[in-house]
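The values are calculated or read from the model by the stated rules, or taken from the named source; none is laboratory data. Bear in mind that the values here come from a model prediction, so they are computed numbers and not experimental data. Please note: Cβ atoms are built from the backbone with ideal geometry, for glycine as well, and neighbour counts cover all protein chains shown.
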Amino acid sequence: MSAQPSPSVAEIADNSARPTRSPSTDRRTNVTPPANPDDEKEEVELTLTKPVDQRIDLLKAFIAAHPQSVAVPRAFELIVAAHATLGDQKLKAGDAAGGLREFRLAISEAPPDMGDPLFTEVIARIPMNLFLRGQRAAATEAAHQAEALAKLNPRRLLALVEFYLTIEDAGEANRIAELAVQNGPDSAPAHQALGAARHIALRLDEAESEYARALAIDPKSTVARIALADLKRSSGKAEEALALYRAQLQADSNNKSARAGLVLSLLELGKKSEADQELNKALQDKEQTRNLPLLVGTAYWFVAHNDSARGLDLAQKAVEIEPRYSWAQIALARALVAERHPLEAERALRFAQQYSRFPTLNYELANVLASIGLYDEAAQELARSFTFKDGQIETRLAGRSTARAASFTELLAPERRAAIFQAGVADTESNAKMLKALLAFTAALGRSTISDDEALTIAQNFIAGEDGMRTFRLVYVAGRFVRKGVALSSVVDLMDSAIKGVEAALSMPAATVAVQPEELSDMRARARAQNATPDVPDAPRNALSGLLRGRIEDLAGLALFNLDKHEEAAAHLRRAVSVSPEGTPLWRSAMWHLGSALEANGKNDQALLYYIKSYVNGPPDPARRSVIENVYKKVNGTLEGLDDKIGPSFATATATPSP
């Protein structure tokens, strides 16, 4: 006779409140026959066929009815899993409170003696589930609660490290990984996890050591071998890296990271022929042609080694595969600048900033902006991530690790080495010095007081060099001096130097933008508000020449005017008016400035002519009209006839609005 099946969980829940009859001949007793373990296990597993919101009650009822059953541990596991599943469903449905409650129950109801699979596959995954649902505080809380349940078990700790690595919490990842190594010193995964934690903390030498330890323990570890090779390459040990990449490719010829590392190591070692052969072979392979590390790494390397055309081609391929990858856009921008397409480079980097923010990305955008003469914008971009003090640049690498150095090249190297594993930088020492000088100059002029000598000394580092952009830097410095009212006596000399480089300046890419940064500022601000970069058609060279020469003369004139050298100021301002294209904002402002110089020199009648001509060619301005009225009355003794020359006053205009 076969054994009687156990009552279902539902039946237990339904009948537990009333007495039962024994199947034995003695109907006056409630003695239950011995349970069949296989039947009980099956009964627990059958709850998986029920909706998750019913499953928990069914399992709890089973445990209450069979507290000694061999299936109880499995029932507890399924309860925990059901709470986690229900929590996920509620968060998806928008029930945040209900979802958080279920996830907390999953952790609190986990049995103390749970097995590793329950911890690693359910408990340890709760923090990431919460994080991805936007519940960051709850995710951190869950991770800390899960840590207590890990009980220093290395395998469980590693499951938690994975969460912290994924969200790039370097501090917690390092702390938990260190615990894993302490409790599993001969565990290759533990050393590998600690290496990864050191890596995201930009402690790259320590990361390399941990990866080496992991590989020594487990020589077959692909992850440890590739990670070690990458960091060796990033620190300039290309020969050692190459050996590791070759070993990995012998084990798996399709490994994309190893293929990328092989090509780049060959390039670093000067084995260009072999590198080209390997690269071309990879680009013809269906799988390797979409190898992002290979495309981005080689694109950046070629730009850094003065082959921008090839770098551009590879960077464009990389961006087509994954446009959100910031280092692909950085490589593309560097290539575009080198190929004289700086506005496209700006567009690439602003796109990248929609997905990530870190100091190198801010620096790269500042570099592009400086390359088109937008020094105010470049300074603003630098200020997002960098400060300057006592000759040192300071930042928070990767947004978290405070670092300082004397140069941008040294300061930002860890971000590049950690991301694309390259020791060399696609920048020049002179360019990095110029951007450091811009940061220092901006900081100095931002102070409430600064002496003329100090201002000029700091500016010298920024305007140094003989490149085509020097004239634009000179003009920028002069403009800042005039606005700040410092080092005015040096402005004329600066502008004398600037005028000598006009022709070279006009040959620079995006000269149309560089010549008129103030005129384009409003348009660019509106575009930036919409995450766009405006297109600026190239202006005729003769027009740009007039604008640049006019601005140079205007700044010299303003500096002299503020030094009360009105006659000399007027001479420069007359030249500014004569060379500036008629009708442009610069032409109007130069005429106004000339009017001010003439008025200060007692030539009110001449001043009035320039004031009026400037005024009528621009938008109405109450303040400027007041100046004109004052001078007009001095010249004519009355305001009669002024409205005929410059239009009605603002009171009259308001009373009679135009149709």
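Some points to look at:
- Pairing residues of the stretch 259-275 that are free of Cβ contacts under 8 Å to residues at least 12 places away in the same chain and surrounded by fewer than 24 Cβ atoms within 10 Å (Cβ to Cβ) with residues that are part of a helix (DSSP H, G or I) and of a type in the set (Gly, Ala, Ser), at Cβ distances under 9 Å and at least 6 apart in sequence or on separate chains, gives 271/265.
- Considering residues of the stretch 328-351 that are under 12 Å from the mean Cα position of the chain (by Cα) and crowded, with 24+ Cβ neighbours inside 10 Å only, the residue farthest from residue 445 (Cα to Cα): 329
- Qualifying positions in the stretch 278-305 - in a helix (DSSP H, G or I) and more than 25 Å from the chain's Cα centre (by Cα): 278, 279, 280, 281, 282, 283, 288, 289
- The stretch 230-258: number of residues that are in contact with a Lys or Arg (Cβ under 8 Å, 6 or more places away or on another chain), surrounded by fewer than 19 Cβ atoms within 10 Å (Cβ to Cβ) and under 19 Å from residue 416 (Cα atoms): 1
- Flag if residue 621 is more than 24 Å from residue 556 (Cβ to Cβ) and modelled with pLDDT under 95: yes
- Of the residues making up the stretch 491-529, those that are surrounded by fewer than 19 Cβ atoms within 10 Å (Cβ to Cβ), assigned to a helix (DSSP H, G or I) and polar (S, T, N, Q) are 497, 521.
- Meets criteria (among the basic types (Lys, Arg), buried (at least 22 other Cβ atoms within 10 Å of the Cβ) and modelled with pLDDT of 95 or more) for residue 155: no
- Yes/no for residue 133 being without any contact (Cβ under 8 Å) to a residue 40 or more places away in the chain and surrounded by fewer than 23 Cβ atoms within 10 Å (Cβ to Cβ): no
- Which numbered condition residue 313 fails, given (1) under 21 Å from the mean Cα position of the chain (by Cα); (2) assigned to a helix (DSSP H, G or I): (1)
- Single match in 275, 196 (criterion: in a helix (DSSP H, G or I), within 26 Å of the chain's Cα centre (by Cα) and of a type outside the set (Val, Ile, Thr)): 196
- Restricting the stretch 533-548 to residues that are in a helix (DSSP H, G or I) and among the polar types (S, T, N, Q), the residue that is farthest from the chain's Cα centre (by Cα): 542
- Options 241, 207, 227: the member that is in a helix (DSSP H, G or I) and in contact with a Phe, Trp or Tyr (Cβ under 7 Å, 6 or more places away or on another chain): 227
- Considering 277, 329, the condition of being modelled with pLDDT of 95 or more, more than 15 Å from residue 421 (Cα to Cα), polar (S, T, N, Q) and not assigned by TED's automatic domain parsing to the domain that holds residue 230 is satisfied by 329 alone.
- Matching option when the condition is within 20 Å of residue 301 (Cα to Cα), touching an Asp or Glu at 6+ places or on another chain (Cβ under 9 Å) and buried (at least 24 other Cβ atoms within 10 Å of the Cβ), among 227, 197: 227
- Wholly within the stretch 370-460, helices (runs of 4 or more DSSP H) carrying at least 3 residues that are under 18 Å from the mean Cα position of the chain (by Cα) and surrounded by 22 or more Cβ atoms within 10 Å (Cβ to Cβ): 375-383, 408-420
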